[in-house]
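For reference, the structure discussed in these notes is given below.
Just so you know, all these numbers are worked out from the coordinates, no wet-lab data involved. What you see is a predicted model; the values in this text were computed from it and never measured. So basically every Cβ, Gly included, is an ideal-geometry build from the backbone, and we count neighbours across all protein chains shown.
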Amino acid sequence: MEPKIFTVQEANDAIPKVVALFNRIFFLNERIKAVSKDMQELMDIWGEDVLEGSNPDNKFYFEKLKLREDCFEELRAKIDELHKSGCVVKDLNEGLVDFYHDNRGEMVYLCWRYGEEQIKFWHTLTGGFVGRRPLEDLKKIEEKA
């Protein structure tokens, strides 16, 4: 499948949806951590006995397990939604997303990080986040070509 190619404007237009998805992703990640901690605490208290139907916390444990599974399922769906929109998710914890961009025949990434209001950086396909350069540099390169 061919990647979606974004103009800077198209990438900027996608940011509100990407922000909304990351808001939910961050919430789900925190929820999964909290529920996993609760489950681990029950295991620390009861050991494998918590899995027995006669255990007083058995129902609570399996409710937590179901909640965690539901959160993981929704998390996968949100990530899939980002991918289907053409975004390349680089880091879920930091909210790093790249957008393919055609720089006069050379494919590069427009680079966005959660908290940024618009696309301000780009990098080569192999450059990564540490190789981010200001968008103005890309515009200068495009103008010279």
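Expected output is a single nm value to one decimal: the length gained when fully extending between Asn93 and Leu125, i.e. 0.36 nm times separation in residues minus the C-alpha distance. What is it?
Between Asn93 and Leu125, full extension yields an extra 9.5 nm.
Name the residue, out of Trp46, Trp122, Trp112, whose mean-square fluctuation peaks in a Gaussian network model built on the chain with Cα pairs under 10 Å.
Trp46
Got the relative contact order for region 1-96 handy, in percent, Cα pairs under 8 Å and 6 or more residues apart?
Dividing the mean separation by the residue count of region 1-96 yields 35 percent.
Could you give the length gained on full extension between Asp13 and Leu51, defined as 0.36 nm per residue of separation minus the Cα-Cα distance, in nm?
Using 0.36 nm per residue and subtracting the Cα-Cα distance, I get 8.8 nm.
Which of these values of Rg and Dmax of the Cα atoms in Å was calculated from the structure shown: (1) 14.7, 52; (2) 16.6, 56; (3) 20.9, 75?
Recomputing Rg and Dmax of the Cα atoms in Å here picks out (3).
Less than 11 Å Cβ to Cβ from Asp91, Lys/Arg counted +1 and Asp/Glu -1: what total charge do the surrounding residues give?
Result for the neighbourhood of Asp91: 0.
To test your reading of the geometry: what angle, between 0 and 90 degrees and rounded to tens, separates the Cα axis of helix 135-144 from the longest principal axis of the chain?
Roughly 30 degrees between the two axes.
Taking 7 Å along the Cα-to-C-beta vector as the label spot, tell me the Glu41-Glu116 distance in nanometres, rounded to one decimal.
Roughly 3.9 nm, to one decimal.
Could you tell me which of the pairs Lys4/Lys78; Lys4/Lys66; Lys78/Lys120 are separated by over 30 angstrom between their Cα atoms in the structure shown?
Cα-Cα > 30 Å for Lys4/Lys66; rest within.
About the Cα centre of region 8-86, what is the dipole size in debye to 20, counting +1 per Lys and Arg Cβ and -1 per Asp and Glu Cβ, all else neutral?
360
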